[in-house]
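Notes to accompany the following structure.
Laboratory data are not the source of any read-out in this text; all were calculated from the coordinates shown. Keep in mind that what you see is a predicted model, and the values were worked out from it rather than measured. All Cβ positions, even for glycine, are placed from backbone atoms using ideal geometry, and neighbour counts span all protein chains on display.
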Amino acid sequence: MRPIRLPNAQERLYALGRLKPGAMNRTEAAYDAFLAQLQLVGSIRWRMFEGIKLRLAPNTSLTVDFAVMRADGILTMVDVKGAKHLFTDDARAKTKIAAAMFPFVFKVVYPRPKKLGGGWIEEEI
């Protein structure tokens, strides 16, 4: 009888399944609400969820979670993660390649724990 192999952390993450394109998870929905507040006060002009797909190479693309136009007209591509450790090496590499290829600002954001005041931690790539 073969021993049972338990899935590793990466496999457990993917086993949870992905949402359909255009559907936000809870963290993305919370960030969208944050962006809506910024839009109301005029800090950003426009935002779109999964609205831009960047072609990096044949058969390789990057769909950012949010495209955001700041009040100064600069377009920022934002990837929302539930925690810093969820920004995998593959995603980081794709984001760095895209940042070298396209004239946009690229950021990854994580929710700051409520016990530390809440809000968002931004990391520019």
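Would you kindly calculate the mean projected area, averaged across all directions, of the convex hull enclosing the Cα atoms of the chain, in square nanometres? Before the final figure, lay out the partial values.
Numbers: hull surface 41.9 nm².
Result: a mean projected hull area of 10.5 nm².
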Q | Those aspartates and glutamates that a straight Cα-Cα span of less than 14 Å connects to residue 84, excepting residues fewer than 8 apart in one chain | A | 122, 123, 124
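What 222 nm value per residue comes from the helices of the chain, counting each DSSP H run with n ≥ 4 as -39,500 (n - 2.57) and dividing by all residues, nearest 500 deg cm²/dmol?
Dividing the helical sum by the residues of the chain leaves -8500 deg cm²/dmol.
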Q) Once both axes come from the Cα atoms, what is the angle between helix 26-40 and the longest principal axis of the chain, in degrees from 0 to 90, rounded to 10? A) 0
Q. Between rounded, prolate and oblate, where does the range 43-93 land on the alpha carbon gyration tensor, with a ≥ b ≥ c its root eigenvalues, rounded for a/c under 1.5, else prolate if a/b exceeds b/c?
A. oblate
Q. Where does helix 89-101 land angle-wise versus the long Cα axis of the chain, in degrees 0 to 90, nearest 10?
A. 30
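Using the Cα centre as the reference, give the magnitude of the dipole from point charges on the C-beta atoms of the range 43-119 (Lys, Arg: +1; Asp, Glu: -1; all else neutral), rounded to the nearest 20 debye.
On the way: 14 positive and 6 negative charges, 57 e Å.
It works out to roughly 280 debye.
Multiply the residue gap between residue 45 and residue 61 by 0.36 nm, knock off their C-alpha separation, and tell me the result in nm, one decimal place. Walk me through the intermediate numbers first.
Working: separation 16, 0.36 × 16 = 5.76 nm, distance 2.58 nm.
That pair, residue 45 and residue 61, stretches by 3.2 nm at full extension.
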Q.
Please report the equivalent ellipsoid semi-axes of the range 14-71, computed as sqrt(5 x eigenvalue) of the Cα gyration tensor, largest first, in whole Å.
A. 24, 17, 6
